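The values are calculated or read from the model by the stated rules, or taken from the named source; none is laboratory data. Computed from a predicted model, the values in this text were never measured in an experiment. For neighbour counting, all protein chains shown are included, and Cβ atoms are generated from backbone atoms with ideal geometry for every residue, glycine included.
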Amino acid sequence: MQPQHTYHGGTAPAGSGPDLDLVAVDPEVRKSIEVLVVDDEHSLRESCASLLRSEGFSVTVSGRGDEALRMVKNRHFDVALFDLYMADVSGLDLLAATLEAYPDTIVIVMTGNPSVESSVTALRAGAWDYLPKPFSATHFEILVGRAAHAVVVARESRKVDRRNSGVPTDSHSDQIRLYGQSSALRKVIELAEKVARTDASVFITGESGTGKEVIAQYIHLNSRRRSREMVPVNCAAIPEDLVESEMFGHVEGAFTGAVREKEGLLEVANGGTLFLDELTELPLPTQAKLLRVLQDGVVRRVGSTKTDAVVNVRFIAATNRDPMQAIAEGHLRKDLHYRLRVVPIHVPALRDRPEDIPVLSEHFLQEFWKQHRDPGTPSPTFTQDALHTLRRAPWKGNVRELRNVIEHLVVLAEPGSEVKSDDLVFIDDHGAMEGDGTARFASSLMNLDYHTAREQVLAQFEVDYLTSIVRASGGNISDAARMAGVDRTTLYRLMEKHGMERDSLLRSLHDDGRAFG
């Protein structure tokens, strides 16, 4: 290691960005983190071990590849650092043997002969990160600190799993619950669980609102990348003139307004998962650049003339269009489609699995009742007639539409009441309310005096308007206030008046049916 801040290689050193606080792992916890250092260069090996021990980690060292190979097959290490090029056994062989025996081990590959090719090979083989020599003590500490943080996060997640299930498990599926009982849903879940254990690219299709992003989250949280981030990208929401900068980053001066260097979403997702929602909306030139990243893992920022980063990203793409039709119409590159479609998953429409509707409806009823009502207030219950009506609805908006219908119901329902068919209010294609519930609400006002009826109508309007305006603004309260023509204080006061929490609104905005059917 070098005492100065020396770094050679194609990508910025891990941890050199704003997340330096990841180094801060409790000293008592560090004692329980087992680290293996394998390098045939004695001075470097001992320097790394000495630094790790001074930081409180439990360290094992080896200068021979064959010895290390026996170790990793028979003993679990939380973090392992391997020299890529050794005389008897290569670092890639050690990497493969380690992940085969203990898939959750975080492996960092070190090399004195850094190149784009070697880094891509190591990352694609499953390395967590790549550390070119010579490197400084600072960079080394930051990288191992981030690895230790990932170990701690994974341990805590497993504790939650054990508490919830009563048995030890490595599954993180309880963080994303997939509600339903149909055979179509079970097939989707089984396929998602199988592919989650690999790094294969996944292409998810299905109508809007079916829960494609939820399936992507489920795959990510059940993968070995779960300690890293899943970065969702709505390809349809990024302005065309900014999409390359957002995806690949840019260098200072690349275009007007590029006042500083910026990393793109591909670099943000390094080590984790990139979810490309509505892929067919991505401009074709950007699709071509993305294909290059899929092929060689190399990222070149906008305005740059060199390789700026080598990334190890798991790709999950989704679209609500027919991919083959999108290819025929020139909206999707055929070669990109086939690179991303290693494992295709089709999420069926809600109307094609009606047996899931009662399960989802009950879940959403309880979820929104907790959000909008005081604790301990008895929730309504569905009559069989209401459930039958829900099952027969066309659900053009799928799970997202079902959520909206149930939330509207919760806002108006009385505590402990029975939900009947005429309590349900649906929204037609033009945004107008339809169904017996509208007439029932109107007729119920006739039993009230003018002022009470007016208050109820106004309350319903305010709740519906606030929900719509916050969603239309993408969850930005300042933008919502400008759209409404009021200040933020007024908007917050109205939300507080109706017991509407900003976080709850934002969760419902992004969920799509996080409790996917």
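Observations on the structure shown:
- Output for segment 187-214, where each listed residue is touching a Phe, Trp or Tyr at 6+ places or on another chain (Cβ under 7 Å), part of a helix (DSSP H, G or I) and under 13 Å from PHE315 (Cα atoms): GLU213
- Qualifying residue in segment 164-173 (condition: under 21 Å from SER361 (Cα atoms) and at pLDDT below 85): yes
- Restricting segment 253-286 to residues that are hydrophobic (A, V, I, L, M, F, W, C) and assigned to a loop (DSSP other than H, G, I, E, B), the residue that is surrounded by the fewest Cβ atoms within 10 Å (Cβ to Cβ) is VAL259.
- Yes/no for LEU336 being touching an Asp or Glu at 6+ places or on another chain (Cβ under 9 Å), under 17 Å from GLU244 (Cβ atoms) and not hydroxyl-bearing (Ser, Thr, Tyr): no
- LEU409 vs. criteria buried (at least 21 other Cβ atoms within 10 Å of the Cβ), touching a residue at least 12 places away in the same chain (Cβ under 8 Å), assigned by TED's automatic domain parsing to the domain that holds GLN217 and not basic (Lys, Arg): no
- Conditions (1) at pLDDT 90 or above; (2) over 26 Å from VAL268 (Cα atoms): number failed by VAL35: (2)
- Out of GLU34, GLU55, GLU100, one residue alone is of a type in the set (D, E, K, R), free of Cβ contacts under 8 Å to residues at least 60 places away in the same chain, out of contact with any strand residue (DSSP E or B) (no Cβ under 8 Å at 6 or more places or on another chain) and closer than 27 Å to GLU229 by Cβ. It is GLU100.
- Which numbered condition ASN312 fails, given (1) part of a loop (DSSP other than H, G, I, E, B); (2) at pLDDT below 95; (3) more than 13 Å from SER201 (Cα to Cα): (3)
- Scanning segment 14-25 turns up at least one residue that is among the aliphatic types (A, V, I, L, M), at pLDDT 50 or above and crowded, with 20+ Cβ neighbours inside 10 Å.
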